[in-house]
Amino acid sequence: MKKTVLILLLCLFAVVSNAQISKLFKFSTFYIAGNGGTSLADENIYSVDEGFLFTDTVLTPYDYSLSMGIRKIQRFQYEGSSPFKDGTEESFSDASSIGRNPFEYLFEVDYRRQEGVEYLDQHHFVRYVRPKWLAKVEYVKDGFADIKYYESTQRLRILSSKKFNINIGAAQRLAEPYGYDPLDEWILPSGHLHHTCLAIEEGYSIDVYENEYRDPDGNMVATNAEVWKANVVPEILSNYVKRKKEELPTITQHSLVVGFDFYHYKKDFWLHSWGNFMPYHYDDGNQYSYHNFVGGQWYDYSGGLIFGYKYNKHLGCFVEGKYNKYWNREWYDFKFGINYVIF
């Protein structure tokens, strides 16, 4: 009997799930796209050794990006349409708290190489908005800005109209312990960095009399102090910081958040703006909490602006951008311009 009931429940769940899944993906777009182009031009490096000229060429491989994602986000009235998504589109309005549909989502992975440096960027979010409340779950990984975090937020809409919304609630973020610097423990009272002891602890061997500097595998990495300090030590410090940060668990940060959204549209004028402000963050006493690195509370905030105005049939201007500041780390995008149509 129990097995029969379980099977019926599973069948019912499957039927309901299929119907919900069909509704969930309706009007969504799945895309895979690749883009590429020339990067920095090759650069010749000249040097002279014992009177002889030597030339080395620094090659920078071409830039490219590979994007894959699925999105269900209704366009705002000021946004144009395109027959295909090529992976280069960037809609600043995705960062707003309120969209044009009650339920919207984005899942995108972008693997790119820019000026010879490779990045794996990700942006995923699910947003659900009701007349009296809203909820959003988001994951951001921006390799170029060196930021990565999970964020969820639940808010009450204390003022809601067709154009203007004010909301207040809580936000939870999971991220690495920003503010923590593993090199602080190697700073001497004089302010100097004790890099020699750090290198030895990391497995390097140093023989100043024989001018031999070896890595943990015994390979010679420098034959004089100048090369050791200029080339090897910076790499040791960078690898040490990266390893120590990766050893630490992520930090959960609970914060109070206040936000607003404003949207007005006419064919010759539109304004869309939004902002989020976190004035208070709960201190759970964690050793690596950001509170310990700034001496108490701090302010985190983000916002965006999209403005367009057509003076007449010929002339128009626009300004678009978004800005974020979390844990004293900033990343932003913007664009502006004037268009004049000749006819």
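No value in this document is a laboratory result; all are computed from the given coordinates. Keep in mind that what you see is a predicted model, and the values were worked out from it rather than measured. Note that we place each Cβ from the backbone using ideal geometry, even for glycine, and neighbour counts take in every protein chain shown.
Using only Cα atoms, find the angle between the long axis of helix 2-25 and the longest principal axis of the chain, and express it within 0 to 90 degrees, rounded to the nearest 10.
For helix 2-25, the angle is close to 90 degrees.
In the range 239-343, what trypsin sites (Lys or Arg not before Pro) fall in a loop by DSSP, with at most 10 other Cβ atoms inside 10 Å?
Hits after loop and neighbour filter: LYS267, LYS313.
Can you tell which of ASN239, ASN219, ASN286 shows the greatest fluctuation in a Gaussian network model of the chain with Cα springs below 10 Å?
Sorting by GNM fluctuation, first place goes to ASN219.
For a protection proxy built on the mean count of beta-carbon atoms within 10 angstrom, sort 153-161, 135-143, 48-56, 114-122 highest first, please.
135-143, 153-161, 114-122, 48-56
Given a 10 angstrom Cα cut-off, can you work out which residue in TRP327, TRP298, TRP228 is the most mobile in a GNM of the chain?
Maximum among the listed residues: TRP228.
Roughly how tilted is helix 233-247, in degrees to the nearest 10 and between 0 and 90, from the longest Cα axis of the chain?
Long axis of 233-247 versus the principal axis of the chain: about 40 degrees.
In the range 164-210, which GluC sites (Glu not before Pro) fall in coil by DSSP and have 10 or fewer other Cβ atoms within 10 Å?
Sites meeting the loop and neighbour criteria: GLU210.
With unit charges on the beta carbon (Lys/Arg positive, Asp/Glu negative), name the residue among ILE251, PHE25, VAL48 whose Cα is farthest towards the positive pole of the charge dipole of the chain.
Checked the options; the winner is PHE25.
Divide the volume of the convex hull of the Cα atoms of the chain by its number of residues and quote the answer in cubic angstrom per residue.
In the chain, the Cα convex hull volume per residue is 266 Å³.
State, in angstrom, two size descriptors of the range 182-247 derived from its alpha carbons: Rg to one decimal place and Dmax to the nearest whole number.
12.1, 36
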